[in-house]
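See structure below.
The values are calculated or read from the model by the stated rules, or taken from the named source; none is laboratory data. Note that the structure is a prediction, hence the values are computed from the model and not measured. Using ideal geometry, Cβ is built from the backbone for each residue, glycine included, and neighbour counts are taken over all protein chains shown.
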Amino acid sequence: MVMEVLAGLNIRPGRLYVDGTVGEGGHAAAILDRLLQAGELIGLDKNPDVLQRAASRLAPYTSRFRLFHRSFSQLGEVLEAIQVQEAAGILLDLGLSLYLLEHSGRGFSFRRDEPLDMRFDPLEPVPTAADLLNTSSPSELETIFRAYGEEPQARLLARRVVEARRRRPFRTTRDLVEVVTTVIRPKGPRSRIHPATRVFQALRIAVNRELEELETFLSRAPDWLAPQGRLVVLSYHSLEDRLVKQRFLEWERGGVAKRLTKKPSRPGPEEVRRNPRARTARLRIAEKI
């Protein structure tokens with residue numbers, strides 16, 4: 001939904017824009033193309049590997065961008081450090097990058113047998129997915145699976161995880177998939193949704209405190225926008241989208257910002273055909289008053 005993102009940001013040459021989840025730089029390059037020579041882009045990401053890839057991709061834009069190894073929830077600290085007060089637009093694409101899924105080797109995909117890490121930043125001293133599986137109580141595991149994965153079989157799955165770790169600690173994605181598939185079955189022979197999809201989502205969200213990071217960001221985002229500045233958020237599951245929807249509505253009722261999308265924009269059939277991972281994308285836009 002690159003064109004929808006660019007339109008939502010209402011890019012004006014010569015202004016400053018922020019890509020809070022710069023990833024490998026796809027959206028950032030498209031923004032810089034529209035900024036001409038006087039504009040600037042700030043990119044943030046928690047993952048040092050994708051930041052290096054973004055730096056290589058954006059190198060032709062020379063000095064018109066700055067990248068920071070920080071979470072989007074820390075944007076205020078970044079703006080203060082570079083002595084910038086506000087941005088004309090901020091983008092958050094909350095989807096998991098293809099690099100993390102296919103090349104990081106940290107267990108984001110259930111289709112590969114990799115260590116159960118799931119940290120966006122491999123240097124961050126927080127519990128890994130394996131740590132959570134091996135040390136959390138049954139009730140804590142149930143909460144993770146139910147709250148972050150909306151998994152109907154959360155209680156039974158939590159019990160099976162505890163039983164399995166008594167025999168052997170969880171170390172790799174295969175260890176987890178083997179337990180999940182004893183509890184959750186495919187909905188049908190042609191189902192595109194793997195039984196472990198919601199469980200892997202839940203663990204990833206818990207490890208990286210994704211919803212807490214988003215809440216922190218949304219509590220401050222209007223302070224970081226210039227008047228008529230735009231916030232564009234791409235979310236990929238109902239938990240994220242619900243937070244964004246509720247906060248945008250609060251801003252509108254409080255006279256802080258207006259919603260430019262009463263209902264989220266969705267990708268068209270052609271885009272979903274080209275990129276099946278985009279099928280769950282929801283785009284919301286708010287403009288600061």
Just to be sure, is SER265 outside the structural domain of GLU151 (by TED's automatic domain parsing) and within 30 Å of LEU141 (Cβ to Cβ)?
no
Checking ARG167, ARG185, ARG160, ARG174 in turn, the sole residue that is touching a helix residue (DSSP H, G or I) at 6+ places or on another chain (Cβ under 9 Å) and basic (Lys, Arg) turns out to be ARG160
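Just a yes or no: is a residue in the stretch 103-119 over 30 Å from ASP49 (Cα atoms) and either of a type in the set (A, V, I, L, M, F, W, C) or out of contact with any helix residue (DSSP H, G or I) (no Cβ under 7 Å at 6 or more places or on another chain) (or both)? Show your work before the answer.
Initial filter on the stretch 103-119 (over 30 Å from ASP49 (Cα atoms)): none.
No, the stretch 103-119 contains no residue that is over 30 Å from ASP49 (Cα atoms) and either of a type in the set (A, V, I, L, M, F, W, C) or out of contact with any helix residue (DSSP H, G or I) (no Cβ under 7 Å at 6 or more places or on another chain) (or both).
Would you mind finding the one in ARG185, ARG198, ARG204 that is free of Cβ contacts under 8 Å to residues at least 12 places away in the same chain and within 22 Å of GLU151 (Cα to Cα)?
On the way: ARG198 fails: free of Cβ contacts under 8 Å to residues at least 12 places away in the same chain; ARG204 fails: free of Cβ contacts under 8 Å to residues at least 12 places away in the same chain.
The match here is ARG185.
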If ARG165 satisfies every condition in (1) more than 23 Å from the chain's Cα centre (by Cα); (2) surrounded by fewer than 15 Cβ atoms within 10 Å (Cβ to Cβ); (3) among the basic types (Lys, Arg) but one, which is the exception?
(2)
Out of ARG204, ARG242, sole residue that is in contact with an Asp or Glu (Cβ under 8 Å, 6 or more places away or on another chain), among the charged types (D, E, K, R) and closer than 27 Å to GLU142 by Cα:
ARG204
